[in-house]
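Scroll down for the structure; my scribbles are underneath it.
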Amino acid sequence: MKRLLAGLVLLLLAAFAFVIWQLGMTTTPPPGARVEIARGTGTRQIAAQLRAAGVIRDPNLFLAARTWKQAKLQAGEYVFEKPATVWQVIDRLKRGDTFQFEATIPEGSNRYDIARILAAAGVVDAQSFVEASADPTLVRDLAPRAPTLEGFLFPATYRFPRHTTAKTVCREMVISFRRAWKQAGGDQDALKYVTMASLVEKETGVAAERPVVASVFWNRIGKKMKLDCDPTVMYAALIEGRWRGKIYRSDLDREHPYNTYRTAGLPPGPIANPGLKSMEAALRPEQTQYLYFVARADGSGGHNFSADIAGHQKAVEHYRRAVKKNAAD
């Protein structure tokens, strides 16, 4: 009897060791192995999907491991590229380590730029995003007069699962904007200051200059001068579908609410989506007497600032001479 019990114990130990060994073995999935687990899918069906995709060898071992770990498996799309044990597969499904598309939105992108970036990344098609971002409902509490979501789609790196809708993307970007707006100290008229921030963002890529550029625009508004901001002319042409890659005289002369060469004050809304530093600059500009600025010809991206038209004309002439000299060299 003792020999029989001892034999059974040894047999059970051997079986247990075999199962542990099997659980520790890796399975190499075929190239491009994907498994999409819908919400509410049972564990047995998940095991069958994994087996069919070549991610695991034995569904029963998977079920045993899941029971052992008492793991709650997350729905979503999973991509398996590397050899993995059953334990590792269970852990991934427990963490919800799903496949996601990644898209990086640079500061100063307008909503049409963002649509192209998202489409290229495979997140959503461009037209659906343009249509979704045309609805300003998500920021009605912050900016009741916002014409679209332009300016409120915060530039950052985002990750989205397959089947994400354009409305969901807009919502996530607006949530990120709200965090940044709060960080910037934005407790004032959001539309006014975000619009100013978008102009600052498009006029300079030099971070240290942003509060100075903002001061020029605020000073001009204070003196009821037109802003004469080239990026607003470009945006006016863009939203009318007539942007040709550079500004023409006809663009400058065209009557349009966004053309600040023809219309005094800020345009009706932002012309791009500014980053945190541009929002901070719009809210807290440098205290200057500057009314003009012109680009430097040294390739730095910086500008020369002037407080009067005579100084500005001198800076413009210096810029033209430098450009001519650089072209000759």
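More than 30 Å from GLY241 (Cα to Cα) and more than 27 Å from the chain's Cα centre (by Cα), is that true of ASP91?
Working: more than 30 Å from GLY241 (Cα to Cα): yes; more than 27 Å from the chain's Cα centre (by Cα): yes.
When the stated conditions are applied, ASP91 passes them.
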When residues of the stretch 141-178 are filtered for being part of a helix (DSSP H, G or I), more than 26 Å from PRO257 (Cα to Cα) and either free of Cβ contacts under 8 Å to residues at least 24 places away in the same chain or of a type in the set (Val, Ile, Thr) (or both), how many remain?
-> 5
Which condition number in (1) under 17 Å from MET25 (Cβ atoms); (2) not in a loop (DSSP other than H, G, I, E, B) is the one that ILE46 fails?
-> (1)
The condition from (1) touching a Gly at 6+ places or on another chain (Cβ under 7 Å); (2) surrounded by fewer than 18 Cβ atoms within 10 Å (Cβ to Cβ); (3) closer than 18 Å to MET279 by Cα that GLU201 misses is numbered (2)
Residues in the stretch 286-308 that are loosely packed, with under 12 Cβ neighbours inside 10 Å and either in contact with a strand residue (DSSP E or B) (Cβ under 6 Å, 6 or more places away or on another chain) or at positive phi (or both): how many?
-> 2
Failed criterion for ILE56 (all others in (1) touching a Phe, Trp or Tyr at 6+ places or on another chain (Cβ under 6 Å); (2) not in a loop (DSSP other than H, G, I, E, B) hold) = (2)
Considering (1) over 16 Å from GLU102 (Cα atoms); (2) touching a helix residue (DSSP H, G or I) at 6+ places or on another chain (Cβ under 7 Å), say which one PHE154 fails and leave the rest.
-> (1)
Of all helices (runs of 4 or more DSSP H) completely enclosed by the stretch 184-265, which ones contain at least 1 residues that are over 23 Å from the mean Cα position of the chain (by Cα) and without any contact (Cβ under 8 Å) to a residue 40 or more places away in the chain?
-> 210-222, 230-239, 249-253
Can you tell me which of VAL123, VAL130, VAL86 is touching a Leu at 6+ places or on another chain (Cβ under 7 Å) and either buried (at least 17 other Cβ atoms within 10 Å of the Cβ) or within 27 Å of SER278 (Cβ to Cβ) (or both)?
-> VAL86
Does the stretch 71-83 hold any residues that are surrounded by fewer than 18 Cβ atoms within 10 Å (Cβ to Cβ), over 16 Å from GLY40 (Cα atoms) and more than 24 Å from the chain's Cα centre (by Cα), and which are they?
-> GLU81, LYS82, PRO83
Is it true that some residue in the stretch 266-279 is crowded, with 16+ Cβ neighbours inside 10 Å and either outside the structural domain of VAL216 (by TED's automatic domain parsing) or touching a Leu at 6+ places or on another chain (Cβ under 6 Å) (or both)?
-> yes
Matching entry among ARG57, ARG44 (being surrounded by fewer than 17 Cβ atoms within 10 Å (Cβ to Cβ), in contact with a Lys or Arg (Cβ under 9 Å, 6 or more places away or on another chain), more than 14 Å from THR98 (Cα to Cα) and not β-branched (Val, Ile, Thr)) | ARG57
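State which residue is farthest from TRP68 (Cα to Cα) when the search covers only the stretch 89-112 and only residues that are charged (D, E, K, R) and surrounded by fewer than 20 Cβ atoms within 10 Å (Cβ to Cβ). Before you say what the answer is, go through the steps one by one.
From the stretch 89-112, those charged (D, E, K, R) are 91-92, 94-95, 97, 102, 107, 111; that's our starting set.
Imposing the further condition that a residue be surrounded by fewer than 20 Cβ atoms within 10 Å (Cβ to Cβ) reduces the set to 91-92, 94-95, 97, 102, 107.
Values: ASP91: 12, ARG92: 15, LYS94: 13, ARG95: 16, ASP97: 20, GLU102: 34, GLU107: 48 Å.
Once the filter is applied, the top-ranked residue is GLU107.
The values are calculated or read from the model by the stated rules, or taken from the named source; none is laboratory data. Note that the coordinates shown come from a computational prediction; the quantities given were computed from them, not determined experimentally. Here the Cβ is made from the backbone with ideal geometry for all residues, glycine too, and neighbour counts use every protein chain on show.
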